[in-house]
Structure formats: structure tokens, C-alpha cells
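Chemist: Just dropping this structure here.
The values are calculated or read from the model by the stated rules, or taken from the named source; none is laboratory data. Because the structure is a prediction, the values reported are computed rather than measured. Here the Cβ positions follow ideal geometry from the backbone for every residue, glycine too, while neighbour counts run over all protein chains shown. The accessibility values were calculated without ligands, DNA or RNA, using every heavy atom of the protein model including side chains. Shrake-Rupley method; radii C 1.70, N 1.55, O 1.52, S 1.80 Å.
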Number of protein chains: 2
Amino acid sequence: MSSDERRELVLDAATTVFGEAGYHGASTDAVARAAGVSQPYVVRMFGTKQQLFLDVLGRALDQLMEAFRAAIAGDQEVPLPRRLGLAYFELTGNRGILLCLMHAFSLGAEPVIGPAARCGFMDVYRLLRDEGGMSADEASAFLAGGMLSNVILGVRMLDDYDEDPAVRELLVTVFPEKLEIIRATHPPRQPAAGSRAGASGSR
Amino acid sequence: MSSDERRELVLDAATTVFGEAGYHGASTDAVARAAGVSQPYVVRMFGTKQQLFLDVLGRALDQLMEAFRAAIAGDQEVPLPRRLGLAYFELTGNRGILLCLMHAFSLGAEPVIGPAARCGFMDVYRLLRDEGGMSADEASAFLAGGMLSNVILGVRMLDDYDEDPAVRELLVTVFPEKLEIIRATHPPRQPAAGSRAGASGSR
DNA sequence: GTCGCTTGTAATCATCCGATTACCTATTGT
DNA sequence: ACAATAGGTAATCGGATGATTACAAGCGAC
């Protein structure tokens, strides 16, 4: 397999792993195992874990912005916020992208990740303002909704869908349509705990 | 000094340290140093680092909810969202509280922190709905704004206030008043880099 | 065929970190 | 006086982890 293919493979794996555990919580070994390669290979490909994270972050931002650009260029009949919302929904299919962004956004104090995260955030803001033609208020409101959605994905609120009516109400409000598709895309990781009768019994 | 006083002191320090570096990025030793005690003492007081984080998280949620409750009970002349916004602004004075929440919200996959974070998030949502009398849409919109604010604090966007007009525009939009106070409360950590004339010059 | 490059791994190193143990020092109750 | 208890630390241990080194297999050029 060519190096570039492996590289993409590793970046995909790293996006997932960093998305789940965060920058500090993820190990290069976990990334390597997820990608099916050895740990030294991962660090040699990217130099350092930090550089790997920066590459993951950059790629996530690229994917996000490309999706938004396509939405902006899309069917002008449908209102822009809705087009962007649908683009966001598609991104939702790969939790890793959005969760890595959230982790990066929480690490502003990191000496090199912090500035990169700020720069990436502003790139998105500028995209909405300049290419999307949104006002500052519109862009902020859209970003606010996106941040709430990201947090809901990050905290795995979908895992509690069956546990609590208030969770359902919140999710229906935040994802007014497509919730069922998102639910299907993001299956609970612990077996829903509410499912009675010792499913595959612990112990 | 009594054990309870030390405990609060350590919890304060831990809130700051966890807020800066996140759960995995912070060490019990960093917390201990910030609190002025020894590392073994910190872990003996809380059992494990995880339990310490859970206690920090619980206390942060308590402080958040107490502030919101006070806002709800406040001057009924002024609209509720504004009262809550002012309460949020006060919380902003201690970055650690809000940043710890954000870190927790990004760790939904953690087996014990995740559920605690979900529960805490829903407690806040229910507070807004039930005690605040907000609709689901109103509560979601308020939370969305809060999440964007938290991200902006977490990514330390205020550090770039002087670097980029777009940053100023965004900050003015998200913190339409009190921005100057928040700026004063959250001084940049790297010396603003924009200050001309080779300040302590790189290289 | 063999040189040299690319793609990869096994083994190992050095460090950090959470946790444990053992010990120290006041104060307090009797 | 002197246990007993609370508050606290130094020393250390064991595991995890990022990084480095050395090595090996495939393969195209000449």
C-alpha cells in the first residue's frame, strides 16, 4: 500500500480516536491499532503526536469548510441556514470530525494547538460572513447552534434517548428533523442499560 | 488548616487546572502544586483522579445551577434571558467552572465521567425548563448561546482580540455588553504577540 | 545482482504519572 | 505522661506512553 493511502487511513483512525478520547486522552498506540499499523510507524509518519493532531484538526476543518462551501453554492431557492444545517447533518455522519474540533476548541491554552484552533474557528466564521454573506448576528447564531449540537454529540446524549423523556425533548428540539437518522448513525455504546432482562449479562 | 478548608482549596485549584488542560491533560501533581499541597495528599483526599474530577464537575454544576436559580428568582421586571445572561457573565469570572463543564461534555465516551456529564447537562436543561418556565426552544437557544460562549472562552479567543478585526466583531456579537470587563478578567497569556518591536524576540 | 529507496516492524528507552507505603508532627482526651 | 487521631509529606513503585533505534522485506534502476 502506498504511503499516501496509509496516511489517509491513519488520519481517519486518528480522527476517530482523538474524537473519542481527546488529544491528551488518546495514545499514538491506540491510533496505530485503530489503523492497523504499528505505533512507531504512526509517530514516524507525523513526527509527533502533536503534529498528528494538528493534521487531523486541519483536515477536519477542511472537510467542514468544504461542506459549508458546497452548501453556500447550493440551491438558492432554499434558505441558507437550512442549507448549512443539512451540510452540518451530513458531517454528523462522522462524529470524529466534529468531536476533534470540539476538543481542539477546548485546548486554547495549549501553546501550538490553541492558536491553530483559534485560527480554524475564525476561518469558519469568516467563511460564513464573507462567502455565505451572513451578518455577524446570523453567523454567531448559526455557530451557537452548531456548538450545542457538537456538545450533544460529544457528551453522547443520544445514548440516553431511551432513558429520559427530557432527553428526547431536547434532542427533538435540537435536531428537529433527521433525528432518527442521526440516532441510527450513532448507536449507544453501552447496551442502552434500559433493555430489561440481563442482555448478555454482565458477569 | 482544617481538612475541609484544604479540600475546598484543592477543589478550586483542580477546577483551574482541569479547566486549562482537560481531564486527561491535567496531572494530580499539577493540581497539588496549584493548591500548595503534596501530590499524595490530593489523591488520598479524593481516592482517584477520576473522583477528583467528578467532584470538580459536581461543584461546577452546583455553582452554575445556583447562579441560574438566583437569576430566575431575580427581578421579574427584566426579561429572563437577560437575567440568565447576566448570571452567565458572572460565572465567566471563573473560567475553570465553565471550562471544566466543556471538557466533561466532550468526554461522553468515558465510562463514568460520560454519564455524569450527561446527567449534569440535563439537570441544567430541566432547570431552565421547569424552574425557569422556558419552552424547549427557548432553553435550547439559551444553551446554544452558552455553548458558543464556552467555546470562545475555551479556545481563548480573547487572546487574539488585538490581532484580527474579525475576532473583535465576533466577540462584540457574542458578548454584546460587558466585553471590556470580560477582557479585563481574561488577560492574554502570551504577551499579545502583536506588540511590535521584537518583544523578547523569538530566536 | 546489488545498490538504494520506500514501507514497515520489533525492541527498547526515558519519562511521566497515578497510586501506595511508610513515616512524621501536632493536637487532644484521659 | 501517653495513646490515639487528624493532617500531611517523602520516597517509591508499576504501568502507560511518546519517541528512538535498529533492523527487515519488497522493488525498481542500472
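Chemist: What residues in segment B:84-109 lose 10 Å² or more of accessible surface when the other protein chains are added to their chain alone (1.4 Å probe)?
Modeler: B:Met102, B:His103, B:Phe105, B:Ser106, B:Leu107, B:Gly108, B:Ala109
Chemist: Oh, and also: With a ≥ b ≥ c taken as the square roots of the eigenvalues of the C-alpha gyration tensor of chain B, please select rounded if a/c is under 1.5 and otherwise prolate if a/b is larger than b/c or oblate if it is not? Please report the intermediate quantities before stating the final value.
Modeler: Values: a/c = 1.85, a/b = 1.03, b/c = 1.80.
Here chain B falls in the oblate category.
Chemist: Now a separate question. Which percent of the accessible heavy-atom area of segment B:53-155 goes to carbon and sulfur, probe 1.4 angstrom?
Modeler: Heavy-atom surface of segment B:53-155 belonging to carbon and sulfur, 1.4 Å probe: 55 percent.
Chemist: What's the FRET efficiency of A:Ala166 with B:Val78 using the Cβ-Cβ distance as r and R₀ = 30 Å, to the nearest 0.05? Spell out each step's value before the answer.
Modeler: Details: r = 27 Å, r/R0 = 0.90.
E between A:Ala166 and B:Val78, to the nearest 0.05, is 0.65.
Chemist: At 7 Å along Cα-to-Cβ for each site, give me the label-to-label distance between B:Glu66 and A:Asp130 in nm.
Modeler: Each label point is offset 7 Å from its Cα along the Cβ direction, giving 4.6 nm.
Chemist: Take the alpha carbon gyration tensor of the protein assembly as shown, find the square roots of its eigenvalues, order them as a ≥ b ≥ c, and report rounded if a/c is under 1.5; if not, report prolate when a/b exceeds b/c, else oblate.
Modeler: rounded
Chemist: Top to bottom by accessible area (1.4 Å), largest first, where do A:Thr16, B:Thr173 land?
Modeler: Descending order: A:Thr16, B:Thr173.
Chemist: Rounded to the nearest whole Å², what accessible area per residue is found for segment A:1-123 with the 1.4 Å probe?
Modeler: Per-residue value: 42 Å².
Chemist: At a cut-off of 40 Å², which residues of segment A:12-43 become less accessible once all protein chains are present than in their chain alone, using a 1.4 Å probe?
Modeler: A:His24
Chemist: Now for a different question. Just to be sure I understand: if you take the accessible area of chain B alone plus chain A alone and subtract the pair, with a 1.4 Å probe, what total do you get in Å², rounded to 100?
Modeler: Values: alone 11000 and 10990 Å², together 18310 Å².
Its buried surface, counting both partners, is about 3700 Å².
Chemist: To continue, here is another question. So which residue, out of A:Gly36, A:Gly96, A:Gly120, gets the largest mean-square fluctuation from a GNM of chain A using Cα contacts under 10 Å as springs?
Modeler: A:Gly36
Chemist: Given a cut-off of under 8 Å on Cα pairs at least six residues apart, what relative contact order in percent is computed for chain B?
Modeler: Numbers: 175 pairs, mean separation 34.2, N = 203.
Computed value for chain B: 17 percent relative contact order.
Chemist: Give me the distance in nm between label points sitting 7 Å out from Cα along the Cα-to-Cβ direction at B:Arg44 and A:Ala184, one decimal.
Modeler: For B:Arg44 paired with A:Ala184, the spin-label model returns 5.7 nm.
Chemist: Among the residues of segment A:116-133, which ones have their accessible area go down by 30 Å² or more when all the protein chains sit together, as opposed to their chain alone (1.4 Å probe)?
Modeler: Relative to the lone chain, where solvent access is computed with a 1.4 Å probe, segment A:116-133 loses at least 30 Å² at A:Arg118, A:Phe121, A:Met122, A:Tyr125, A:Arg126.
Chemist: Among B:Val78, B:Val124, B:Val151, which one moves the most in a GNM of chain B with springs linking Cα atoms closer than 10 Å?
Modeler: With Cα springs under 10 Å in chain B, the top fluctuation among B:Val78, B:Val124, B:Val151 is at B:Val78.
Chemist: Just check segment B:53-155 against the gyration tensor rule for me: Cα atoms, a ≥ b ≥ c as the square roots of the eigenvalues, rounded for a/c under 1.5, and otherwise prolate or oblate depending on whether a/b exceeds b/c.
Modeler: On the way: a/c = 1.82, a/b = 1.55, b/c = 1.17.
Verdict is prolate for segment B:53-155.
Chemist: Another question, if that's okay. Just the accessible area for A:Arg7, please: 1.4 Å probe, Å², rounded to the nearest 10?
Modeler: 70
Chemist: Give me a comma-separated list of calculated 3J(HN,Hα) values for segment B:24-39, in order, Karplus coefficients 6.51, -1.76, 1.60 applied at θ = phi - 60°, integers in Hz, x for any Gly or Pro.
Modeler: 6, x, 9, 10, 4, 5, 4, 4, 4, 4, 4, 8, x, 10, 8, 4
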